[in-house]
Structure formats: structure tokens, C-alpha cells
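Asker: Pasting in a structure now, in C-alpha cells, and then I'll have a few things to ask.
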Amino acid sequence: MFNLIQNELMKIFKRIGTYVMIGLSVLIVIAAGIFIHYMEEKIEHPDNWKVELQTENNGLKAQLEEMGEGAPLYLEKQLAINEYRIEHNLSPYSESSLWDFVEISSSFMDLAGMFVIIIAGGIVANEFNWGTMKLLLIRPVSRSKLLLSKYMTVVIFSLIMTIMLFCTAVIVGAVLFGLPSEPMPKLLYLDGQVTEMNMGLYMMMSYALSLVHVLMLGTMAFMLSSVFRNSSTAIGFSIFLMFTGYQLTYFVSMKFEWAKYLLFANTVLVEYIDGEPLVPGMTMTFSLTMLIFYFILFQFLAFFVFNRRDVAI
């Protein structure tokens with residue numbers, strides 16, 4: 001198995017496109033850091049931030065009273081965090097530090113997801129397109145083992161992209177913004193209470209949860225690549241769902257509670273530590289259960305079709 005995975009990784013890293021994707025990710029993070037650093041120098045942080053927060057709280061309270069029980073959770077969350085900042089003298093306008101930039105850079109995990117889709121969507125289909133699948137199948141290795149090695153390669157590439165983005169953000173953040181003079185905690189609103197979490201720990205959790213989202217996208221693209229044997233279909237459809245899946249699920253959830261069973265209602269796990277689930281009442285356990293269900297479904301379809309289909313090349 002190790003030799004098969006090593007062979008697949010060599011195929012990926014022999015392509016110029018792989019280094020273009022990695023280089024582009026690094027350049028985007030660096031460009032974002034330079035831009036944010038440049039813009040921050042022009043922004044003046046007010047000294048009367050407590051007055052501003054109190055004024056904002058008055059508006060939030062009025063909205064909550066007007067909406068009643070139907071008020072969205074983010075209003076209650078923002079009010080509680082503002083009150084916590086005032087009480088504990090935690091200004092929202094502290095100078096950006098390494099971890100602030102790492103948090104901003106976590107949005108680039110979608111870019112990593114797109115690149116993983118490109119790899120996963122072509123890792124099986126391209127063997128058919130290039131006419132090399134026959135050479136792989138004549139080896140004394142079962143089809144299942146061959147397919148598993150390709151999927152494990154997708155997982156390893158996902159890890160590489162995530163670690164690379166995280167490390168790049170840390171390095172760029174340290175160079176441009178430096179370490180925080182005081183350890184500023186991440187304020188989270190959990191179970192109706194504001195809690196503090198170490199910023200470094202929070203960012204590692206955030207990237208780890210985002211990796212789950214990337215892996216599910218890669219698994220879906222891998223399944224489509226195995227079933228349809230067409231890289232364009234697998235990549236195009238997966239990227240389309242990556243950009244529209246959550247939004248479409250959100251619109252469905254506005255009218256139907258069963259939207260919580262859809263894949264993209266459960267992939268953004270970071271909502272459970274910093275935000276609110278797409279459908280009220282959803283829990284981390286529920287989302288993980290649904291992700292396991294979809295993972296098994298995608299893998300079953302990929303292996304079943306790949307093993308049963310006659311390969312005539």
C-alpha cells in the first residue's frame with residue numbers, strides 16, 4: 001500500500017500544475033498580509049470604544065425586544081460579547097497580531113478545497129483519459145487496494161494544503177504583525193455564555209474543522225471521478241457545489257427543516273464553536289453523524305462502481 005501511495009504522490013508532484021496551485025496559495029496569503037498591514041496603518045482606533053459598544057448594545061436590545069423569540073442568535077451573541085468586553089476591558093480595536101492574521105487567512109481554506117477537488121476529481125478519471133488504467137489493473141493488486149491508495153493520496157494532499165496554508169499564515173503574520181504584546185483571547189458564545197479561548201488553540205481547532213470540510217469535498221469529487229470516469233464532470237460539479245451548496249441549503253432551510261440532512265448543512269463545523277448552525281437545534285454530534293453517513297455513501301458508490309465496471313481500454 002505504501003508503494004502505491006508513494007507512486008500516486010509522485011504523479012501529483014511531477015505536474016507543474018501542482019506547484020502552481022501551491023505557489024498561488026502562498027502568494028495569495030502573502031498579498032493579503034501586505035494589503036491588511038498597509039490598510040491598518042491608515043486606520044485610527046478610537047479611545048472611546050466602550051461608548052461605541054454601549055450605543056451598539058442599545059440598538060441590539062431594541063432589535064431583540066422588537067423581534068421577540070424569532071430574533072436570530074447572532075444578535076444575542078453580539079450583545080453578550082459586547083457586554084463582556086466592556087466588563088473585562090477588552091477592546092475590539094487592538095492592533096492586529098499574528099493570530100488575527102491567521103484567523104483572517106482561514107477563509108483561504110476554500111482555495112485549498114478547490115485545489116483538492118482538482119486533484120481528487122482527476123486522480124481516477126485521468127487514468128482512463130490517458131489510457132494508463134489498463135497498466136495499473138494488470139498489476140497483482142486488487143482494484144479495491146488500488147482505489148484506496150488513490151483516495152489516501154487525496155487525504156494526504158488535503159493535509160499538505162491545510163498545513164501549508166496554516167504555516168504560511170503564521171510566518172507571514174509573525175513577520176508583518178508580530179506577536180501580540182498581551183495574549184488576547186478569542187471570545188466565544190457557547191450555551192448562552194461568553195467564554196475565553198486561547199487564540200492559538202482556537203485557530204488550530206478552526207483549521208482542523210475546516211479540513212473536515214475540505215476532505216468531504218475531496219471525497220465527493222473522488223466518488224464522481226470513479227463513477228463517471230470524467231475529470232471535467234467531477235471537478236466542475238464539485239466546484240459548483242463548493243461555491244453554491246451552502247447557500248442553496250440555506251434557502252431550503254428557510255422553509256424546510258429536513259434541510260439539516262443535506263450534506264452542506266453539516267460541513268461547516270466551525271459554526272459550533274463560533275457561530276450558529278444552519279438549522280436551529282442541530283448539534284456537532286448530529287453533523288458528524290451525517291458526515292459519516294455521506295462519507296460511507298460516497299465511498300460505497302466509488303468502490304462498488306469501480307470494482308463492477310468492465311474496464312475496456
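Asker: Once you put a point 7 Å from the Cα of residue 67 and another 7 Å from the Cα of residue 15, both along the Cβ direction, what distance in nm separates them?
Answerer: Calculated label separation equals 4.4 nm.
Asker: With the Cα gyration tensor of the chain in hand, give its eigenvalues times 5 under a square root as the equivalent ellipsoid semi-axes, listed largest first in whole angstrom.
Answerer: 42, 25, 14
Asker: At each listed q (0.25 Å⁻¹), what is the log10 of I(q)/I(0) that the Debye formula gives for the range 46-93 modelled as equal alpha-carbon point scatterers?
Answerer: With one equal scatterer per Cα and no solvent, log10 I(q)/I(0) is -0.87.
Asker: Taking the Cβ of residue 260 as the center, what net charge do the other residues with Cβ under 14 Å away carry, scoring Lys and Arg +1 and Asp and Glu -1?
Answerer: With Lys, Arg at +1 and Asp, Glu at -1, the neighbours total -2.
Asker: What chymotrypsin sites (Phe, Trp or Tyr not before Pro) in the range 68-131 are in a loop by DSSP, with at most 15 other Cβ atoms within 10 Å of the Cβ?
Answerer: Loop-located and lightly packed - 93, 130.
Asker: Given a Förster distance of 45 angstrom, what is the FRET efficiency for residue 193 paired with residue 138, based on the Cβ-Cβ distance and rounded to 0.05?
Answerer: Computed FRET efficiency for residue 193 and residue 138: 0.15.
Asker: If Rh is defined by the Kirkwood formula over all Cα pairs and Rg also comes from Cα, what ratio Rg/Rh do you get for the range 106-168?
Answerer: On the Cα set of the range 106-168, Rg over Rh gives 1.09.
Asker: With the dipole of the range 46-93 worked out from charges on the C-beta (+1 for Lys and Arg, -1 for Asp and Glu) around the Cα centre, which of 55, 91, 75 lies farthest toward the positive end?
Answerer: 91
Asker: Okay, moving on. Loop sites only, by DSSP: take the trypsin sites (Lys or Arg not before Pro) in the chain that have at most 15 other C-beta atoms within 10 Å and name the longest stretch containing none of them.
Answerer: Answer from the scan: 43-254.
Asker: Kyte-Doolittle cut-off 0.0, length cut-off 18 Å along the helix's own axis using Cα: show which whole DSSP H helices in the chain pass.
Answerer: Within the chain the helices that satisfy the rule are 16-40, 109-122, 143-176, 199-228, 231-253, 284-308.
Asker: On full extension of the chain, what length is gained from residue 307 through residue 54, given 0.36 nm per residue of separation minus the C-alpha to C-alpha distance?
Answerer: Contour length minus the Cα-Cα distance gives 84.7 nm.
Asker: Next up: Excluding residues on the same chain fewer than 8 positions from residue 77, give the lysines whose Cα lies under 20 Å from its Cα.
Answerer: Within reach: 50, 61, 186.
Every number here is computed from the coordinates shown, using simple stated rules; none is lab data. Small disclaimer: the values here were computed from a predicted structure and weren't measured. Cβ coordinates were reconstructed from backbone atoms using ideal geometry, including for glycine residues, and neighbour counts include every protein chain displayed.
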